[in-house]
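Notes for the one structure printed next.
Just so it is clear, none of the values below were taken in a lab; they were calculated from the coordinates. Predicted model, so just to flag it, every value in this text is computed and none were measured. Note that we place each Cβ from the backbone using ideal geometry, even for glycine, and neighbour counts take in every protein chain shown.
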Amino acid sequence: MNLIKVKDYEEMSNRACEYLVKKIHELDNPVLGLATGSTPEGLYKRLIEKYNSDEVSFKGVTTFNLDEYVGLSKEDPQSYHYYMMDKFFNHIGDISSENIHLPNGTAEDLEQECKDYEVLIRKAGHVDIQVLGIGKNGHIGFNEPGTPFTSRTHVVELDESTRQANSRFFDSMDDVPKQAISMGIETIMESKEIILLVSGEGKAEALARLLETDAETTEDFPASVLRKHNHVTIIADEASRLK
Ligand code: F6R
């Protein structure tokens, strides 16, 4: 795993943006894997700036998001659909809407939705570069501790700690969904390249555990699977590297 140390959130966002823009220029019809949450917000802002200054185009770009809450419609301001439209896609004039993919958390048949999502990723030729954040408990996507490394896109029961962490976006804890659809760990690992963004002291313990050289690679700490991937870049700010 390649570790890029940066000063703060701003620099992490800038570096991640440069990284993605370079990839978009290099690849024909790039397939990007995207994340939501607080961590990539700055990255999306930077990408919008690059788009507005004609330094990048999203023509021919296809995207797959990692996850979506079960039961929230696309119009629900807490849904990840809404987040992605609001913080990114609504500001990118040249991406084709049929190339934007997120799991549908209101699908009648959630199992079928998961299977269909896998088929779409495969048809697109797999994700070229996947952006990840990390949960304090080491989750990636919504793959909580204990999720098999062989998992594919699936319906997950969210950990209480994850619901608690994400309750900041909801009016009350009761409004936080208990389930989500998430790309599986094996699905994420099939991405050709992964960039993991880590910011803030809240993530320091998780990052330290991930980087510990003799630590176990275990399903109890999902992010540890990244050690088995041959092209992972971690961009981490100073606060997240506090021991
Ligand atoms: C979001 C996702 C999650 C987040 C993680 C960190 O699509 O898959 O794994 O990346 O929960 O969230 P933030 O960035 O809010 O700390």
**Complete:** Leu132 vs (1) more than 15 Å from the ligand (Cβ to nearest atom); (2) within 15 Å of the chain's Cα centre (by Cα): all pass except (1)
**Request:** Restrict the check to region 195-214 and report whether at least one residue is of a type in the set (Asp, Glu), exposed (fewer than 15 other Cβ atoms within 10 Å of the Cβ) and either away from the ligand (no atom under 14 Å from the Cβ) or over 30 Å from Glu238 (Cα atoms) (or both).
**Result:** yes
**Message:** Yes or no: region 15-36 includes at least one residue that is surrounded by fewer than 21 Cβ atoms within 10 Å (Cβ to Cβ), within 12 Å of the ligand (Cβ to nearest atom) and under 30 Å from Arg209 (Cα atoms).
**Reply:** no
**Request:** Starting from region 128-145, keep only residues that are touching a residue at least 40 places away in the same chain (Cβ under 8 Å) and farther than 16 Å from Ala204 by Cβ, then list their pairs with residues that are assigned to a loop (DSSP other than H, G, I, E, B) and of a type in the set (Phe, Trp, Tyr) whose Cβ atoms are within a distance under 9 Å, requiring at least 6 positions of separation or different chains.
**Result:** Pro145/Phe221
**Item:** When residues of region 164-180 are limited to those that are more than 11 Å from the ligand (Cβ to nearest atom) and surrounded by 17 or more Cβ atoms within 10 Å (Cβ to Cβ), the one farthest from Glu118 (Cα to Cα)
**Value:** Val176
**Message:** Quick test of your reading of the structure: Met183 fulfils all but one of (1) of a type outside the set (Ser, Thr, Tyr); (2) within 13 Å of the ligand (Cβ to nearest atom); (3) in contact with a helix residue (DSSP H, G or I) (Cβ under 7 Å, 6 or more places away or on another chain). Name the failing condition by number.
**Reply:** (3)
**In region 57-93, the residues that are hydrophobic (A, V, I, L, M, F, W, C) and more than 18 Å from Gln130 (Cβ to Cβ)** = Val70, Leu72, Met85, Ile92
**Request:** Considering (1) within 21 Å of Leu47 (Cβ to Cβ); (2) in contact with a strand residue (DSSP E or B) (Cβ under 6 Å, 6 or more places away or on another chain); (3) of a type in the set (Gly, Ala, Ser), say which one Ser97 fails and leave the rest.
**Result:** (2)
**Request:** Go through region 139-149 residue by residue and tally those that are over 20 Å from Tyr69 (Cβ atoms) and either within 14 Å of the ligand (Cβ to nearest atom) or surrounded by 16 or more Cβ atoms within 10 Å (Cβ to Cβ) (or both).
**Result:** 1
**Fill in**
If we keep only residues of region 57-80 that are surrounded by 17 or more Cβ atoms within 10 Å (Cβ to Cβ) and closer than 22 Å to Arg46 by Cβ, then the residue nearest to the ligand (Cβ to nearest atom) is Leu66
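Would you be able to tell me the number of residues in region 123-136 that are in contact with a Leu (Cβ under 9 Å, 6 or more places away or on another chain), in a loop (DSSP other than H, G, I, E, B) and not aliphatic (A, V, I, L, M)?
As a first pass, look at region 123-136 and keep what is in contact with a Leu (Cβ under 9 Å, 6 or more places away or on another chain): 127-134.
Next cut, in a loop (DSSP other than H, G, I, E, B) only: 127-128, 133-134.
Pick out the ones that are also not aliphatic (A, V, I, L, M) and you get 128, 133.
Of the residues in that region, 2 qualify.
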